[in-house]
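Notes follow once the structure below has been shown.
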């Protein structure tokens, strides 16, 4: 017997939906992201509580055990995950959401009547399974369990087309008959389709695909809301689907590419790919003392953070270096590329951990015109987002991608572990420019040495 009336259930669901909308608004800025996350969690708690109080649930002990087991697994993982592994965690959670929606759809087939509901079941199965399988591949790629290069085989485009056609046929048969066998076939084919869609994606494109799959999961959840006759699931899923789509388009735009090019570029040689090739061309390298002199006697310094900074956990060291330079009269700002790191906002969150003021973070459009008046640009662990090949090499896999135009500065300093290319797998000609100085080593250690040298001047 339900405790809440239909009216109160609708009111509480509306409250949860408002929380989800406010959460998305909060997550749009680093300043309000923490508050937005808490509001979203509160909305989810309100929604789950409302279900318990308003629905006639069976097997409540099993439901509570499942919640307890899931919480016991998820909470420690979320607390211990490193910032550099956050995209993998997001992809994992996203895949689990899509898989859960697909399983719910299968379980509801026996209770689904009419072609409209069966169509929602088929859609949920298709999109949820694609999201689950595709997210699994993105986790494996980012974790380097499989190659970050595009994985393709001869005739793969025709195989993908055939699998997609088979999925449509299986879905049509499911809608027409409501038979479980067609649902199982659709599930299997959709899982294969998810694998085949993401395997050809390589390198820097993977975070964009994670965002796209997140949108897929939202759509699957919205469709499952139709299957379960739950308005809140429809609202929440639609919000996730819409926001994921907007984010995907924004990230693709920041890379100067289209979504179709990201998914199918490998078939025509246009997808970014990781590489282990290192150049043997001569470069000018320097010692920490040399870098310290350049920074200390500059009037304006721009720091460009990248994934290497996150890997080395050097955000506190670079923040202290910035403060020390400012105390000595140097104007210091941070230039943030939209896709620096492994996900949007990665660098913003990383620097926020080190208490870098938001006012010091400059977006690409704002900082690019200022490079020509900059004495020194300090690039820490970034590569592709400052590579001039994006503007000068039409055959390059990053050609057309908007970049931070650090080459316009008077001096450029790169902190790098090695000469290994970035995810695009191509050399950065700026590394060989006479005005560029390289300091090799772990970013955190190198920053510490430069900081010590700056303080000694």
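Selection over region 177-197 of residues that are surrounded by fewer than 14 Cβ atoms within 10 Å (Cβ to Cβ) and either in contact (Cβ under 8 Å) with a residue 24 or more places away in the chain or not in a helix (DSSP H, G or I) (or both) gives a count of 2.
Find the residue count for region 198-226, including only residues that are at pLDDT 90 or above and over 15 Å from the mean Cα position of the chain (by Cα). Here the count works out to 9. Taking strands (runs of 3 or more DSSP E) as the structural unit, those lying wholly within region 342-457 and holding at least 3 residues that are modelled with pLDDT of 85 or more and under 23 Å from the mean Cα position of the chain (by Cα) correspond to 361-363. Evaluating residue 202 against the criteria (1) in contact with a helix residue (DSSP H, G or I) (Cβ under 6 Å, 6 or more places away or on another chain); (2) buried (at least 23 other Cβ atoms within 10 Å of the Cβ) leaves one unmet condition, (1).
Only one of the listed residues (105, 47, 75) is at pLDDT 85 or above and within 25 Å of the chain's Cα centre (by Cα). That residue is 75. Across region 160-176, not a single residue is classified as part of a helix (DSSP H, G or I), farther than 21 Å from residue 224 by Cα and touching a residue at least 40 places away in the same chain (Cβ under 8 Å).
For region 319-341, enumerate the residues that are assigned to a helix (DSSP H, G or I) and in contact (Cβ under 8 Å) with a residue 24 or more places away in the chain.
Of all residues in region 319-341, those assigned to a helix (DSSP H, G or I) come to 319-327.
Result: 319, 320, 321, 322, 324, 325.
What do you reckon, is residue 15 within 29 Å of the chain's Cα centre (by Cα), farther than 30 Å from residue 346 by Cα, outside the structural domain of residue 359 (by TED's automatic domain parsing) and modelled with pLDDT of 90 or more?
Numbers: within 29 Å of the chain's Cα centre (by Cα): yes; farther than 30 Å from residue 346 by Cα: yes; outside the structural domain of residue 359 (by TED's automatic domain parsing): yes; modelled with pLDDT of 90 or more: yes.
For residue 15, the condition - within 29 Å of the chain's Cα centre (by Cα), farther than 30 Å from residue 346 by Cα, outside the structural domain of residue 359 (by TED's automatic domain parsing) and modelled with pLDDT of 90 or more - is met.
Against the conditions (1) modelled with pLDDT of 90 or more; (2) over 31 Å from the mean Cα position of the chain (by Cα); (3) surrounded by 13 or more Cβ atoms within 10 Å (Cβ to Cβ), residue 40 satisfies every one except (2).
Evaluating residue 351 against the criteria (1) more than 20 Å from residue 299 (Cα to Cα); (2) buried (at least 16 other Cβ atoms within 10 Å of the Cβ); (3) in contact (Cβ under 8 Å) with a residue 60 or more places away in the chain leaves one unmet condition, (3).
Could you please find all residues in region 43-57 being under 26 Å from residue 247 (Cα atoms) and exposed (fewer than 14 other Cβ atoms within 10 Å of the Cβ)? Selection gives 45 alone. Hey, does region 355-365 have a residue that's touching a residue at least 40 places away in the same chain (Cβ under 8 Å), within 20 Å of residue 436 (Cα to Cα) and surrounded by fewer than 17 Cβ atoms within 10 Å (Cβ to Cβ)? No: zero hits.
Output the helices (runs of 4 or more DSSP H) that fall wholly within region 58-148 and possess 2 or more residues being in contact with a helix residue (DSSP H, G or I) (Cβ under 8 Å, 6 or more places away or on another chain), in contact (Cβ under 8 Å) with a residue 60 or more places away in the chain and buried (at least 21 other Cβ atoms within 10 Å of the Cβ), or say none. If you could, list the steps in order and put the result at the bottom.
Details: elements: 60-80, 86-107, 115-142.
Helices (runs of 4 or more DSSP H) meeting the threshold: 86-107, 115-142.
Checking each residue in region 276-318 for being over 14 Å from residue 439 (Cβ atoms), modelled with pLDDT of 85 or more and out of contact with any helix residue (DSSP H, G or I) (no Cβ under 7 Å at 6 or more places or on another chain) picks out 297, 298, 299, 316.
The values are calculated or read from the model by the stated rules, or taken from the named source; none is laboratory data. Everything numeric in this text was worked out from a predicted model, so none of it was measured. Positions of Cβ are generated from backbone atoms using ideal geometry, with glycine treated the same way; all protein chains shown enter the neighbour counts.
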